[in-house]
Protein chains: 2
Amino acid sequence: MAQEAYDELLTKLKEVADIEAAISVLHWDQSTYIPPKGNAARGRQMATLSKLAHEKFSDPSVGKLLDKLASFEEEKGPDQFEGALLRYTRRHYERAIKIPAEFMGRFSDHCSKIYDAWTRARQDNDFSSVQPLLEESLRLTREFSNYFPGYDHIADPLIEESDYGMKAASIQKLFSELKEELVPFFDKLLKRPEPTTDFLNTFLPADAQLAFGKKVIQSLGYDFSRGRQDLTHHPFMTKFALDDVRITTRVRENDFSEALFSSIHEAGHAMYEQGVKREFDGSFLCHGTSAGVHESQSRLWENIVGRSLSFWKYFFPKLQKHFPNPFENVSLNDFYKAINKVSQGLIRTDADEVSYSLHVMVRFSLEKDLLESKLSVAQLPKIWNERYEEYLGVRPNDDKDGVLQDVHWYSGPIGGQFQGYSIGNIFSAQSFAAATAALPSIPQEIEKGEFDGLRNWLTNNIYQYGSQYTAPEIIKKSTGGDLSIRPYIDYLKEKFGKLYEV
Amino acid sequence: MAQEAYDELLTKLKEVADIEAAISVLHWDQSTYIPPKGNAARGRQMATLSKLAHEKFSDPSVGKLLDKLASFEEEKGPDQFEGALLRYTRRHYERAIKIPAEFMGRFSDHCSKIYDAWTRARQDNDFSSVQPLLEESLRLTREFSNYFPGYDHIADPLIEESDYGMKAASIQKLFSELKEELVPFFDKLLKRPEPTTDFLNTFLPADAQLAFGKKVIQSLGYDFSRGRQDLTHHPFMTKFALDDVRITTRVRENDFSEALFSSIHEAGHAMYEQGVKREFDGSFLCHGTSAGVHESQSRLWENIVGRSLSFWKYFFPKLQKHFPNPFENVSLNDFYKAINKVSQGLIRTDADEVSYSLHVMVRFSLEKDLLESKLSVAQLPKIWNERYEEYLGVRPNDDKDGVLQDVHWYSGPIGGQFQGYSIGNIFSAQSFAAATAALPSIPQEIEKGEFDGLRNWLTNNIYQYGSQYTAPEIIKKSTGGDLSIRPYIDYLKEKFGKLYEV
């Protein structure tokens, strides 16, 4: 009886997962190969498929099956596929039916409108032209949250969208601790002499850069027989199936760091997705569990591994051979210093490891103030600049490099979109620390260009589970504790303390 | 009232068209960029979307709306979008509901099985290993036709699938006339001295070949802002929207003809699709009307234009500049002769203009005999070889180059799949003759590299209508008569009579 209902539900869910995979293919194509005039129809086609997936998923028959299967779910429990899938599905179904389709349409129309206005506003450095639209975004964001009455904080329903299990209050607590540690440390580093970086800006042909990056991510363990890399304006990772996980990158011929580190970053996301259990393929569980945990793995590979001295002990001689000019005459140590240069930048996406979380925390604090009505949209540019002064000791000269820099608020809700980046930083260090505690030889393996030990540990403890467990569960399972800033702060102080001799 | 029903139906049909466009994107990606291991999941995703599109289209609510709209359809008539769309939809709906979903599943499973067996059988030259499966294909083909009782010939329901408005009897009549003209003419040409073609087999780098081909099809009028060209194993054209019509090609570095002529061929299909009225975008009418008319346009551009002396008067000097070796020392006339060499080949896809239809007619005659039970599958290899002797005067040495050469019978029904190629040849000449009768300057324009006159005539008389009219209607509309072999025979005799001095 339960088995029959379960099979019926499974068939429905697989259909939804297949439609969602198709949407991802359409989106990937739109970002890579679509001809210039093909975009209008593509938008319509993706909207049709999204509507279909939503209709199929939020159909009352799904709810009835879930009700029927309540005791089956409990009996199986989250350690078995069936129990985990039912738990995940129930949670998302309950969310899905709370939001009226009418609102989704209204919100999506507004997002298209403000996105369009933002692309012009940023170019023209004209915040006032998007201000009324951003006020509407704030109203719509509040409306969204209010479909989930009973929250502790109005940002909680937004945070749950991408970081289920986290709440505004707990994140705020972590971020306050982090700020207290990071701001003075960052300040100390800035007082030290700047490393030379000019050799990173030598002209290097795009093809040769991509070829080098490809070899690197192959060594890390990104499987090209189950993926591929293409060029896009903004790098991303996307998954169509367990055996089709693609990444994209961009190349700047005068900035060596761009393609290489974005390739490693996206390969980190992709190895997480390629590492999920085969049993989960084609189901909702076949995806990383949260924005924060996902980002932790891209950051782990990009920064903790990819910007480490051990890593470059192995790869720098290869880089010198691949690009004799300029690297032949650069020492490993100077190179290592250059790729880890700390600076008071204004732009989040260009930030170094130490200041990145500060950029994120500025945004999180502003979102919170806006949602709590402590701050109006009209005041936002001014307060943005003040927060930059407070967190990073620097003040934007214009809104283009200030409040207008990120797409997030101009294409989605004001809230729930940034915290994952910092949770990612925090957990990247925590999970790496757990891996090296279990396998102390990891740093020596990295020096030899061997990454299997680390990747297998991450696969066994994090990747294989996909969305079987929530973020807090997977953090506990893999590290034995809750999310903590300690390993992250220790890591930064150890690494940058040495680098900057403070 | 009618308007309301019409709008309701339109919404449903647009949804189906969007799902079908998504399937095309998934298929294109599968043929171009999918990673090696991505195919299994892709097959499942495409099957899910196909099932969805079929369910949505054959839903009884569609039938009810069509019934409600019967007098609205008549009132509007096929000259108006609404009337034409309703006529087209009704026809396809009535077909769709006649075939049980159970049969479709069974047939599709069988097709996967025989396709798989064929890829091995062809490699091993082992017809006997697919014979029982091909017997099952024949039984399934008959079953398919029998879901459409009342046909004149058992092949008619199959022919209707791709060439609606044509029947086995009328095609047989055309093909008999054609055979009577072509066989002796082909024979005469074969007795003449062979042109030299060795320079066509000089090594030319793939990139340079593609660059030249791209310039050519751009000149013809293929719009790259609404399309793109990629590499695949088998060249094809696919449409995702009016503004996204893509082509693919393949390159052989030792055979100049391959990439260039397949590019022109697919660009011919694509210009048809890019030329449909904007009003039709996103609807069922936004596609060429039949396999035969479609093929007529790819052949018109590939052969009547692309292998003409006028065309090469303009392009040969450019080719000589692009590839000094080998073309610098080749005369226009020798080049023109080489690309039009007639030969007694065994392989349909490599055939010249004169013999191509003979290859097709062999298959059509065999399909007819199989369906009429005049021939058994067991006898097929032997009779295949006899027919080649009869039509082309040549006999295959093995089944690999004989009955096993084409994928069609090993991946679909035995019938309805080949006639379009010859109808295409026939109508390519007939439509070109109509265009030049209306615009006698076309050949002179071609000599100057100007193709707007021809393309605009074709757009105005054929392309813009998409599937608004059936093939017989569009033939009458554009040429004033029915399909006739006369212009095709005149064209071949004139061109090849001169070339071979007969």
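Any read-out appearing in this document is the output of simple, stated calculations on the displayed coordinates, not a laboratory observation. Model, not experiment: these values are computed from the prediction. Note: ideal-geometry Cβ built from the backbone for every residue, glycine included; neighbour counts use all protein chains shown.
Which is farthest toward the positive dipole end of the protein assembly as shown among B:Gly292, B:Pro195, B:Tyr147, measuring Cα position about the Cα centre, with Cβ charges +1 (Lys, Arg) and -1 (Asp, Glu)?
Value: B:Pro195.
Using only atoms on other chains, find how many Cβ atoms lie within 10 Å of each Cβ of peptide B:25-33 and report the average.
If you average over the peptide's residues, the count of other-chain Cβ atoms is 4.
Please get the size of the charge dipole for the stretch B:241-359, origin at its Cα centre, with Cβ charges of +1 on Lys and Arg and -1 on Asp and Glu, quoted in debye to the nearest 20.
300
Calculate the length of the line joining the C-alpha centroid of the stretch B:255-284 to that of the stretch B:46-65, in whole Å.
28
Per 10 Å bin from zero, what fraction in whole % of the C-alpha pairs of the stretch B:209-321 is there, up to the bin with the longest pair?
Going out from 0 Å in 10 Å bins, the stretch B:209-321 shows 14, 47, 30, 8, 1 percent.
Hand me the trypsin sites (Lys or Arg not before Pro) from the stretch A:442-481 located in a DSSP loop with no more than 12 other Cβ atoms within 10 Å, in residue order please.
Within the stretch A:442-481, the qualifying trypsin sites (Lys or Arg not before Pro) (loop, at most 12 other Cβ atoms within 10 Å) are A:Lys448.
Beyond a 28 Å Cα-Cα separation, which of these cross-linked pairs lie in this structure: B:Lys167/B:Lys215; B:Lys167/B:Lys374; A:Lys277/B:Lys56; B:Lys239/B:Lys493; B:Lys400/B:Lys495; B:Lys313/B:Lys341?
B:Lys167/B:Lys215; A:Lys277/B:Lys56; B:Lys239/B:Lys493; B:Lys400/B:Lys495
Quick check on the stretch B:160-218: take the gyration tensor over C-alpha atoms, sort the square-rooted eigenvalues as a ≥ b ≥ c, and tell me if it's rounded (a/c under 1.5), prolate or oblate.
oblate
Explain nothing, just the number: dipole magnitude of chain B about its Cα centre with +1 on each Lys and Arg Cβ and -1 on each Asp and Glu Cβ, in debye rounded to the nearest 20.
Result for chain B is approximately 500 debye, rounded to the nearest 20.
Distance between Cα centroids, the stretch B:91-105 to the stretch B:119-187: provide it in whole Å.
20
With all distinct Cα pairs included, what does the Kirkwood hydrodynamic radius of the protein assembly as shown come out to in Å, to one decimal, could you say?
32.2
State, to one decimal in nm, how far the label point of A:Tyr314 lies from the label point of A:Asp126, with both points 7 Å from Cα in the Cβ direction.
5.2
Please go through the stretch A:249-312 and write out the trypsin sites (Lys or Arg not before Pro) that DSSP classes as loop and that have at most 14 other C-beta atoms within 10 Å.
In loop regions of the stretch A:249-312 (DSSP not H, G, I, E or B), the sparsely surrounded trypsin sites (Lys or Arg not before Pro) are A:Arg250.
Among B:Gly480, B:Val330, B:Phe103, flag the residue with its Cα farthest along the positive direction of the charge dipole of the protein assembly as shown, charges on Cβ as +1 for Lys/Arg and -1 for Asp/Glu.
Value: B:Val330.
Let me know the charge dipole size of the protein assembly as shown about its Cα centre in debye, to the nearest 20, where only the beta-carbon of Lys, Arg (+1) and Asp, Glu (-1) is charged.
980
Residues of the stretch A:237-253 with backbone nitrogen within less than 15 Å of a virtual label 7 Å along the Cα-to-Cβ line of A:Asp230, please, listed as ranges.
Only A:237-241, A:244-250 fall inside the zone, counting backbone N under 15 Å.
Once the piece of chain linking B:Lys113 and B:Asp490 is laid out straight, how much longer is it, given 0.36 nm per residue of separation minus the C-alpha distance between them?
131.3 nm
Report, in cubic angstrom per residue, the convex hull volume of the C-alpha atoms of the stretch B:2-98.
100
In peptide B:45-58, how many Cβ atoms from other protein chains are near each Cβ within 10 Å, on average?
The per-residue average across the peptide is 3.
By average Cβ neighbour count within 10 Å, what is the ranking of B:335-343, A:229-237 from highest down?
Ranking the peptides B:335-343, A:229-237 by packing returns B:335-343, A:229-237.
Taking the Cβ-Cβ separation of A:Lys188 and A:Lys167 as r and a Förster radius of 30 Å, what is the calculated FRET efficiency to the nearest 0.05?
0.40
Over all alpha-carbon pairs in chain B, figure out the percentage whose distance exceeds 29 Å.
For chain B, the fraction of Cα-Cα distances above 29 Å is 53 percent.
Putting +1 on Lys and Arg Cβ atoms and -1 on Asp and Glu Cβ atoms, find which of A:Pro381, A:Met166, A:Ser257 reaches farthest to the positive end of the dipole of the stretch A:130-502.
A:Ser257
Hand me the trypsin sites (Lys or Arg not before Pro) from the stretch B:355-420 located in a DSSP loop with no more than 16 other Cβ atoms within 10 Å, in residue order please.
B:Lys374
By its C-alpha gyration tensor, with a ≥ b ≥ c as the square roots of the eigenvalues, how is the stretch B:397-502 shaped: rounded for a/c under 1.5, else prolate for a/b larger than b/c, else oblate?
oblate
Could you work out the relative contact order of the stretch A:58-104? I mean the mean sequence separation of Cα pairs under 8 Å and 6+ apart, divided by the number of residues, in percent.
33
If each DSSP helix of 4+ residues adds -39,500 (n - 2.57) and the sum is divided by the residues in chain A, what number results at 222 nm, nearest 500 deg cm²/dmol?
-20500 deg cm²/dmol
I need the phi-derived Karplus couplings for the stretch B:178-185: 6.51 cos²θ - 1.76 cosθ + 1.60, θ = phi - 60°, integer Hz, Gly and Pro marked x.
3J(HN,Hα) across the stretch B:178-185, in whole Hz: 5, 4, 4, 7, 6, 4, x, 5.
Taking only C-alpha pairs under 8 Å that are 6+ residues apart, what is the relative contact order of chain B in percent?
20
Please compute, for peptide B:78-88, the average count of beta-carbon atoms on other protein chains lying within 10 Å of each residue's beta-carbon.
Whole-number average of other-chain Cβ neighbours for B:78-88 is 0.
For B:Ser373 and B:Glu501 in one chain, what is 0.36 nm times their gap in residues minus the Cα-Cα distance, to one decimal in nm?
Separation in residues times 0.36 nm, less the Cα-Cα distance, equals 41.7 nm.
Estimate the FRET efficiency between A:Glu389 and A:Ala40 by the formula 1/(1 + (r/R0)^6), using the beta-carbon distance for r and 25 Å for R0, to the nearest 0.05.
0.05
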